[in-house]
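Everything below concerns the one structure shown next.
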Amino acid sequence: MPKVTFITAEKTTVEVSDSSGNLMEIALENNITGIGGDCGGVCSCSTCHVYVRKDWIERVGLPDSVEKDTLEFNSHYQPNSRLGCQVEMSDDLDGLVVEVAPAE
Amino acid sequence: MNSHDDPFREAREKGPILAATFQNETIPMILRLKDIRKAAKDPETFSSDAPRRVPIPSEEDVRTVRQYPLEVDPPVHAAYRKIVEPFFLRPKQPEVLAKIHALIDSLIDKSLAGGPIEVVQDFAIPLQSHALTYMLNVSESEAEHWIGWGIHVFKDGDGKSKGPFMESYCRQMFEAAAENPGDDFFSALNQAELEGRLLTMEEKLGFANIAFAGGRDTIIHTVTRIISYFADNPKALECLHENPSMVNSAAEEFFRVFMPLTHIGRICPHATDVHGFEVKPQGRVSLCWSSANRDPEVFDEPNEVKLDRRPNPHISFGFGAHNCLGAHHARAITRGLIQKLSERVSGIEVLENVELLEEEADYTRKVGYELLRSTFTAR
Ligand code: HEM
């Protein structure tokens, strides 16, 4: 099963092996600091904002227009920003590393 | 769909704003989602530093205090917000959530006990009032005082604002908490420091004012509209019964379509061109959240209620620095309500209803119900 690593804003590293679901759900199950998932994964609240490590961007893919519009006005937006709820883990993403973005 | 559900459709198709008149003041209402997000992120041009004038119409006649943290701008806004944030996060704690669920269960018990109930008075107002005691961490018996404040503290059916009652009640609560401090909202504000000083009574009253007034009609209308929706759409209740994992997306969809707060204002400190409308210095604009939630550029079939709508980037809880502090509380109540109704109730029948319409010179919008007499049937 795929492994994903979260690095929190305080630089704590948490590795989750056997991950399934989307990054927001995985983060909530593993109490990752800084991931709220307030809206339950419908792309409305942006409390699951993460930065995808540069070397992973291509494989994870870029946000679609709805997600991008939600992220774009975030004060901490970067070109490698994604909403965790929109990134579904898969074997293809085994080894993925993401950083939790600072709170708005 | 009734035109009162989306009174801005025609204007939004024609252009980005509707110039609407409120009490002799013409205000451009920004109607499209992307434009509103942009304005909400630009407090220098669109400021909240305007006591009693952020809501539209203004609340100069119904309250004496500035609401905190609503009516201040960054950067000091963050310091004000931080003071009360721990209370607004309480509904995320499992023990607080359990109390909200038990409260909903007890209200459903009463609704199933026999004859019809009036959902506004017998369900939504008690639910809102009791749940707020859990958030503010005050004795549950306080809810009995608040129940009489009606649907909207400032504009209730009898035409008399309960604003002065609420202010004098809060003043007494701060005084009592000073005598007898505890872990409650009032004691915490008595002790809170801002930039090395204690808060003034005006500031404390301003924090309490929005906790009571802002969190009231919004929750009450959301609850009554969800119950009315289930009465009209029994299949939705059945669908949620069979798919309990849909509760969260259903709640977000209800926030989108039943947005209780039509819009909110901002002040332009300088002359500003708002999509072709010239706002004079100190003039206002409106961020029309309820119109943005039906923007067809963003939402497929915006007038359809889709309980599994994803993505659903509604802005019912605002956007940017002032995004709703009460959102955790609102979500806890709404999700709990949908979950419990779908588990325990097989049908709801409405016997009589009186819609509550927001009637302005340039639009009429349905926000909720004044009365909703219904019977509930147990599953
Ligand atoms: C469905 C229910 C609710 C809706 C739709 C709603 C909507 C909103 C919106 C749109 C804003 C942004 C205002 C702005 O940008 O100027 C806001 C702010 C706020 N809301 Fe709510 N609200 C709800 C429930 C509550 C509750 C239950 C409470 C308190 C118990 C509450 C307290 C606040 C406060 C304190 C702010 C100001 C936050 C700040 O300025 O930083 N709201 N709300």
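The values are calculated or read from the model by the stated rules, or taken from the named source; none is laboratory data. In this text, all values refer to a predicted model and were calculated from it rather than measured experimentally. Using ideal geometry, Cβ is built from the backbone for each residue, glycine included, and neighbour counts are taken over all protein chains shown. Ligands, DNA and RNA are excluded from the accessible area calculation, which covers all protein heavy atoms including side chains. Shrake-Rupley method; radii C 1.70, N 1.55, O 1.52, S 1.80 Å.
Here are the numbers for the structure shown:
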quantity: Among the candidates B:A321, B:A361, residue that is under 20 Å from B:R32 (Cα atoms) and open to solvent by 40 Å² or more (accessible area, probe 1.4 Å); calculated: B:A321
quantity: Matching residues in the range B:265-319 - criterion: being of a type in the set (K, R), in contact (Cβ under 8 Å) with a residue 60 or more places away in the chain and in contact with a strand residue (DSSP E or B) (Cβ under 9 Å, 6 or more places away or on another chain); calculated: B:R266, B:R284
quantity: Test for B:P43: is it within 13 Å of the ligand (Cβ to nearest atom), within 14 Å of chain A (Cβ to nearest Cβ) and in contact with an Asp or Glu (Cβ under 6 Å, 6 or more places away or on another chain); calculated: yes
quantity: Matching option when the condition is modelled with pLDDT under 95 and within 16 Å of the ligand (Cβ to nearest atom), among B:A188, B:A213, B:A192; calculated: B:A213
quantity: Checklist (1) away from chain A (no Cβ under 14 Å); (2) away from the ligand (no atom under 11 Å from the Cβ); (3) crowded, with 18+ Cβ neighbours inside 10 Å applied to B:L70, failing item; calculated: (2)
quantity: Meets criteria (open to solvent by less than 30 Å² (accessible area, probe 1.4 Å) and touching a helix residue (DSSP H, G or I) at 6+ places or on another chain (Cβ under 6 Å)) for B:I30; calculated: yes
quantity: Filter result for B:R331 (open to solvent by 40 Å² or more (accessible area, probe 1.4 Å) and either touching a Gly at 6+ places or on another chain (Cβ under 9 Å) or among the β-branched types (V, I, T) (or both)); calculated: no
quantity: For B:V120: the one exception among (1) in a helix (DSSP H, G or I); (2) within 15 Å of the ligand (Cβ to nearest atom); (3) open to solvent by less than 10 Å² (accessible area, probe 1.4 Å); calculated: (2)
quantity: Unique match (being buried (at least 16 other Cβ atoms within 10 Å of the Cβ), within 14 Å of another protein chain (Cβ to nearest Cβ) and within 11 Å of the chain's Cα centre (by Cα)) among A:I7, A:I35, A:I26; calculated: A:I35
quantity: Checking A:L83 against (1) within 22 Å of B:M246 (Cβ to Cβ); (2) surrounded by fewer than 18 Cβ atoms within 10 Å (Cβ to Cβ); (3) touching a residue at least 24 places away in the same chain (Cβ under 8 Å), the condition it does not meet; calculated: (2)
quantity: Where B:P311 falls short, out of the listed (1) within 15 Å of the ligand (Cβ to nearest atom); (2) open to solvent by 40 Å² or more (accessible area, probe 1.4 Å); calculated: (1)
quantity: Selection from the range B:29-70 of residues that are acidic (D, E), in contact (Cβ under 8 Å) with a residue 40 or more places away in the chain and either under 17 Å from B:P269 (Cβ atoms) or not in a loop (DSSP other than H, G, I, E, B) (or both); calculated: B:D35, B:E44, B:D49
quantity: Residue pairs meeting the criteria (Cβ under 7 Å; at least 6 apart or on separate chains; first under 14 Å from A:Y51 (Cβ atoms), in the range A:4-20; second charged (D, E, K, R)); calculated: A:T5/A:E15; A:I7/A:E99
quantity: Test result for B:K204, within 16 Å of the ligand (Cβ to nearest atom), open to solvent by 20 Å² or more (accessible area, probe 1.4 Å) and either touching a His at 6+ places or on another chain (Cβ under 9 Å) or among the charged types (D, E, K, R) (or both); calculated: yes
quantity: Members of the range A:38-77 that are open to solvent by less than 70 Å² (accessible area, probe 1.4 Å) and away from chain B (no Cβ under 14 Å); calculated: A:V50, A:Y51, A:V52, A:W56, A:I57, A:V60, A:G61
